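A short worksheet on the structure shown next.
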Protein chains: 2
Amino acid sequence: MAVLKALKSSVDKTFAILEYFTVDRAEWSVTELAKELDASKSTVYRFLSDMQKRGIMYQDPVSGKYGLGLKLFELGNRVRIKSAFTDKTHPVLMEVAKSITETVHIGVFKDEQVYYVDKVESPQGLRISTTIGSYSPAHATSLGKVLLAFSSYDENRFVQRLKRYTENTITDCGQLKEELKKIKKDGYAVDYEEFEIGLICVAVPILNQKNEIVASLSAAGPANRFKKEELPNYVKKLQKGALQIQKNIGDFKLNIT
Amino acid sequence: MAVLKALKSSVDKTFAILEYFTVDRAEWSVTELAKELDASKSTVYRFLSDMQKRGIMYQDPVSGKYGLGLKLFELGNRVRIKSAFTDKTHPVLMEVAKSITETVHIGVFKDEQVYYVDKVESPQGLRISTTIGSYSPAHATSLGKVLLAFSSYDENRFVQRLKRYTENTITDCGQLKEELKKIKKDGYAVDYEEFEIGLICVAVPILNQKNEIVASLSAAGPANRFKKEELPNYVKKLQKGALQIQKNIGDFKLNIT
DNA sequence: AAATTGCATTTCATATAATGAAACAAAATA
DNA sequence: TATTTTGTTTCATTATATGAAATGCAATTT
């Protein structure tokens, strides 16, 4: 409430409005959004229609509701991360997804969270589906635990409360530190339904040619399809992919800011 | 010159500035951009730094120059076309690129031009590299000619001048109509260096399950690698991919506006 | 080492655009 | 037909955007 009025610059307001258009809520009417933002219809209308004129917004000709437009897609594709990083990782991701037959992800650190930068979905019907450009908690995912384990991090990083997502989530800082130590030793992390019941993930680090960790690579699938004796096999396939990516990316270091 | 002053709304100004960040010119300093826009440094600075605070812009910590930020990548990935269409086409594109070993593209019609919505680059060193979200002329590309041939179009569509790009470009309307008729009969189009010298493309239509054309699929490679006797082979592989995509997309119809 | 250039950034009085209430038009609903 | 609910437009008021000049910082030149 009173979201817009709190922001002083038009630039801020513009992008605050865009943030409301998510994957889960792709369409808003002027009235709905005005109510949500506690702003006048005129104001919201002007923002949306100005953006619509530029193709940043798309207006459904039938319902009159607004959604994100093609121009934004266009701009998003110009962002460096895409051409510099994903172009190099994606082909490998395809290979790994095919050989493991589960959804594979690449995640990096951003704001203490895991940020998904690339994915290839499992060819199987029942599969995990995440949105590129979204976030997950670091301590409750295999991607995050790998990133933590292989990064040089402040020991006091975990003074912050570790949020519980399921009964398996690690919420004790000491326990997490032990887990990370083990992960660094083993070279991989597993998430046994620690973030979501029914979801199991395995992840390995992606290093650049200077052996700095730049991202992590995971395979994720439904718990009932996971066989513990297959774990070394998954890890082997992931590591093979990670090594291939390492070859592809050179000394590339992702600047996430 | 005087680009910014001509625009009355901040929303317009914001996105006008973003448009200056292209693939060819990914970075601008405050001073450079202020000069280009004929605006004051303060103004440009404020736009860029406001956007930078939100992650829309990225500022290189060394040079101080600005580029497009991750948030924009994030927003771009939320655009419907991406999740609804590309997710379904990309895996097939990978397969086709691998089997043909040339860069493959998917294009749709937008504003009488070919709009690139997805691509997978050739694994070979020498390859064609296009930007997703960019445009090419319809009459001078295989993607475009397929789209024209299989769309129900106005006969008078081509009264507009057909721009010449190379010595092979079809610039005569009657000749183009003949070509389109042939393409419809054959089920594929070829571009023999009609847009760019040294570039040869082959394209086939992608139909949805109602048999409406929704996009076209092409393979593009350097002319000196192209063997005429391999053409039926390329077409066969492309058609196999197009059929797979048809299965994936159902009765999906792309709304490009 | 001092001076100079070249840059991003900040300041502040003024010009200009953003704002919301209300009116409007058009469609959906009763 | 009457009523409600939309998206859109208008316009006087308010608040933000603007640019010249100043600042601070670093790299380069004297």
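General remarks:
- The condition of being of a type in the set (A, V, I, L, M), open to solvent by 10 Å² or more (accessible area, probe 1.4 Å), over 21 Å from A:Ile81 (Cβ atoms) and more than 10 Å from DNA strand D (Cβ to nearest atom) does not hold for B:Val23.
- Filter result for A:Thr14 (at pLDDT 85 or above, under 26 Å from the mean Cα position of the chain (by Cα) and either polar (S, T, N, Q) or under 20 Å from B:Gly67 (Cα atoms) (or both)): yes
- If you go through region A:28-58 and keep only what is over 27 Å from B:Gln52 (Cβ atoms) and either more than 10 Å from DNA strand C (Cβ to nearest atom) or hydrophobic (A, V, I, L, M, F, W, C) (or both), you end up with A:Ser29, A:Val30, A:Thr31, A:Glu32, A:Ala34, A:Lys35.
- Unmet requirement for B:Ala34, which otherwise passes all of (1) at the interface with chain A (Cβ under 7 Å from one of its Cβ atoms); (2) more than 28 Å from the chain's Cα centre (by Cα); (3) aliphatic (A, V, I, L, M): (1)
- Restricted to region B:50-93, and to residues there that are of a type in the set (Lys, Arg) and more than 7 Å from chain A (Cβ to nearest Cβ), the residue that is nearest to A:Gly67 (Cα to Cα) is B:Lys71.
- Entirely in region B:40-128, the helices (runs of 4 or more DSSP H) that have 2 or more residues that are in contact (Cβ under 8 Å) with a residue 60 or more places away in the chain: B:87-100
- Scanning region B:212-228 for residues that are under 21 Å from B:Lys98 (Cβ atoms) and loosely packed, with under 14 Cβ neighbours inside 10 Å gives a single hit, B:Lys227.
- Summed over region A:26-68, residues that are at pLDDT 85 or above, open to solvent by 60 Å² or more (accessible area, probe 1.4 Å) and either hydroxyl-bearing (Ser, Thr, Tyr) or within 15 Å of B:Ile81 (Cα to Cα) (or both) total 3.
- The residue that is nearest to A:Tyr45 (Cα to Cα), among those in region B:8-27 that are outside any helix (DSSP H, G or I) and within 8 Å of DNA strand C (Cβ to nearest atom), is B:Ser9.
The values are calculated or read from the model by the stated rules, or taken from the named source; none is laboratory data. Worth saying up front: this structure is predicted, and the values here are computed from it rather than measured. Here Cβ is always computed from backbone atoms with ideal geometry, including for glycine, and neighbour counts include all displayed protein chains. Side chains included, ligands, DNA and RNA excluded: accessible areas come from the protein's heavy atoms. Shrake-Rupley method; radii C 1.70, N 1.55, O 1.52, S 1.80 Å.
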